[in-house]
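Enquirer: Structure provided below as structure tokens; questions to follow.
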Amino acid sequence: MAFRRLCDTADLLRGDMREFELEGHSILVVWPEHGDLRAFQAHCLHEGLPLIDGSLEGNELTCAAHNWTFDAQTGENTLPGEGCLAVYPLRVDDGDVLVDLEAMKPCRRGE
């Protein structure tokens, strides 16, 4: 795996989310209040709108456009059969948040 630095942990707050660009990838980093840091594709499956415009409440990530919701730990859509968000492998090393761009596999509706 080829991890690349995305940001510093000081750039993130528990219970919040931020969007980053890295080598042409739009990455949404979420840190649920009672969960671990996760990195997902930054756009909703439904119509490709930015998830950063939505909300993160507890362990639920909600798209602002049509209220599609996703589990903030797994990326699974709460609508059965509607796919999941692509997940980037993430690790924290000495305060740096690192992601592996090559290991990310897109997950689209119906997969």
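Enquirer: Looking only at strands (runs of 3 or more DSSP E) that fall completely inside segment 24-111, which ones have 3 or more residues that are among the aromatic types (Phe, Trp, Tyr), under 14 Å from the mean Cα position of the chain (by Cα) and closer than 19 Å to Cys7 by Cβ?
Expert: Qualifying strands (runs of 3 or more DSSP E): none found.
Per-residue answers, yes or no, for (1) of a type outside the set (A, V, I, L, M); (2) within 20 Å of Asp96 (Cα to Cα); (3) exposed (fewer than 14 other Cβ atoms within 10 Å of the Cβ); (4) touching a residue at least 12 places away in the same chain (Cβ under 8 Å):
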position	(1), (2), (3), (4)
Asp8	yes, yes, yes, yes
Glu23	yes, yes, yes, yes
Val29	no, yes, no, yes
Gly35	yes, yes, no, yes
Arg38	yes, yes, no, yes
Leu49	no, no, no, yes
Asp53	yes, no, yes, yes
Asn59	yes, no, no, yes
Thr62	yes, no, no, no
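Enquirer: Please find, within segment 1-11, the residue that is farthest from Cys84 (Cα to Cα) out of those that are assigned to a strand (DSSP E or B) and hydrophobic (A, V, I, L, M, F, W, C). Step through it out loud before you land on a result.
Expert: Initial filter on segment 1-11 (assigned to a strand (DSSP E or B)): 3-8.
Of the ones still in play, those that are also hydrophobic (A, V, I, L, M, F, W, C) are 3, 6-7.
Working: Phe3: 22, Leu6: 22, Cys7: 24 Å.
Step by step, filter segment 1-11, then rank; the result is Cys7.
Enquirer: Going by the conditions given, is Arg14 more than 23 Å from Glu82 (Cβ to Cβ), within 13 Å of the chain's Cα centre (by Cα) and not aliphatic (A, V, I, L, M)? Step through it out loud before you land on a result.
Expert: Values: more than 23 Å from Glu82 (Cβ to Cβ): yes; within 13 Å of the chain's Cα centre (by Cα): no; not aliphatic (A, V, I, L, M): yes.
Judged against the criteria, Arg14 is not a match.
None of the figures in this text is laboratory data; all of them are computed from the coordinates on show. In this text, all values refer to a predicted model and were calculated from it rather than measured experimentally. Heads up, the Cβs are rebuilt from the backbone with ideal geometry, glycines too, and the neighbour counts pull from every protein chain shown.
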